[in-house]
Ligand SMILES: *Cc1c(COP(=O)(O)O)cnc(C)c1O
């Protein structure tokens, strides 16, 4: 496959092949075009890039290390497993990478309020953090179910000065929070900005959030080459909306010898109705202003979805992932709640690293795959976040 299949995407209308675009009302299209123009402007400015680079280094703590998980690899007796430690970033996950970018953009555009949804609370915390740093009011919409499950993150958002809006409609999870946040945004889109938490939504968000996250793969590719003298055989990341995965994959898209694997949540199983494996079982549709794979019913309404990891239970997925699936450049596979829990405990006890339940999906895939490979082969896992937020939930569930 030639590199031209991946460069210059999305196109000017925001499409990745047949996915992406701007499926929004006309008045919102004008606002999205403004954001797009402002982003095109600032991304080419040295002062913006220098400020972002300084904050990524001195505030986030980048570059995050690549760690060889020796005990885990030896225990499995197959491929050597490496972890890209996004869990070590300030606020504990990869999301701070794009939240800083979005907060700086909001400041540049003179917006008066930043609005967002959050699932596990990680996007809310990262955004509240970035807004505190930049000095812009921040309003976070969160499903009531998630509020109860992710209490420490709720407290952090309040301490950071964000306004928290609980959402009780529907299944009171991520999708409902997106709808609620979007309604607030529509009240004054000229002065507000919706800071989307993943590579989803209308153009320019999928491409812009990818650009902010692609620092992960740029670093990891260079770090891996430096230490091993070659590229990893497999690169794996969990996929909710798809931001940590695309952030990792972008630097490797043209390396055809590297197998890229996105791991979706199979929940209770792909043969049940309790999963969120959008790319595995969904079909092309539209959700939240974009065309992408969607889990939906016969009438085109999004289905209720489930994952043990709040940050992964979303019935849509980034348009670029939808495109990469059709091209066959990325393999999308899935891992159940039980495999995720097992991986969560294994990584904690074998390496002393408590992963986020989201990230534990990628770890679980590596644990499943490694024994079939040889120690000459390598798997690079994007460890998207730390699991402090999930510790009480898991301890309860396992009776620890
Ligand atoms: C939010 C979150 C995810 C899922 O979001 P993506 O956009 O798919 O990356 C994964 N891992 C962690 C730690 C998260 O907080």
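Which of 241, 92, 269 ends up with the largest GNM mean-square fluctuation for the chain, with Cα atoms connected below 10 Å?
For the chain, modelled as a Gaussian network with Cα springs under 10 Å, the answer is 269.
Sort 295-304, 41-50 by packing, meaning the average of other beta carbons within 10 Å per residue, with the highest value first.
Working: 295-304: 13.6, 41-50: 12.1.
Per-residue Cβ counts within 10 Å, averaged per peptide and sorted highest first, yield 295-304, 41-50.
On C-alpha positions alone, give me the angle between the axis of helix 122-134 and the longest principal axis of the chain, in degrees, nearest 10.
It is inclined by approximately 60 degrees.
With runs of 4+ DSSP H residues as the only contributors, calculate the mean residue ellipticity of the chain at 222 nm using -39,500 (n - 2.57) per run, divided by the residue total and rounded to the nearest 500.
Calculated mean residue ellipticity at 222 nm is -12500 deg cm²/dmol.
Using only the alpha-carbon atoms, how far is helix 26-43 inclined from the longest principal axis of the chain? Give it as 0 to 90 degrees, nearest 10.
60
Under a plain spin-label model, where a point goes 7 Å from the Cα along Cα-to-Cβ, how far apart in nm are residue 158 and residue 132?
Between residue 158 and residue 132, the label points sit 1.4 nm apart.
Take the alpha carbon atoms of region 101-129, find their center, do the same for region 216-282, and report the distance between the two centers in whole angstrom.
One Cα centre to the other: 25 Å.
Based only on other Cβ atoms within 10 Å, what is the fewest-to-most ordering of 68, 332?
Details: 68 15, 332 22.
Fewest-to-most ranking of 68, 332: 68, 332.
Enter the angle in degrees (range 0 to 90, nearest 10) between the Cα long axis of helix 46-55 and the first principal axis of the Cα atoms of the chain, meaning the one along which they spread out most.
So the helix axis and the longest Cα principal axis differ by about 50 degrees.
Could you identify which residue out of 29, 75, 158 has the top mean-square fluctuation in a GNM of the chain using Cα springs shorter than 10 Å?
Among 29, 75, 158, the largest GNM mean-square fluctuation belongs to 75.
Shape call for the chain from the C-alpha gyration tensor, a ≥ b ≥ c root eigenvalues: rounded (a/c under 1.5), prolate (a/b greater than b/c) or oblate?
Working: a/c = 1.36, a/b = 1.26, b/c = 1.08.
Taking the square roots of the gyration eigenvalues as a ≥ b ≥ c, the chain is rounded.
Arrange the following residues from fewest to most other Cβ atoms within 10 Å of their Cβ: 214, 64. Intermediate results must be reported in sequence, preceding the final value.
Values: 214 18, 64 24.
Sorted ascending by nearby Cβ count, the order is 214, 64.
On a full-extension model of 0.36 nm per residue, what is the gain between residue 270 and residue 186, subtracting their alpha-carbon distance, rounded to one decimal in nm?
26.6 nm
If I model a spin label as a point 7 Å beyond the Cα along the Cα-Cβ vector, how far apart are those points for residue 34 and residue 230 in nm?
In this crude spin-label approximation the distance works out to 5.3 nm.
For 194, 59, what ranking results if the residue with the fewest other Cβ atoms within 10 Å of its Cβ goes first?
Values: 194 28, 59 16.
The most exposed by this proxy come first: 59, 194.
Using Cα-Cα distances under 8 Å and only pairs 6 or more residues apart, what relative contact order does the chain have, in percent?
Computed over the chain, the figure is 21 percent.
Where a number appears in this text, it was derived from the coordinates with a stated rule and is not lab data. All values reported here derive from a predicted model rather than from experimental measurement. For neighbour counting, all protein chains shown are included, and Cβ atoms are generated from backbone atoms with ideal geometry for every residue, glycine included.
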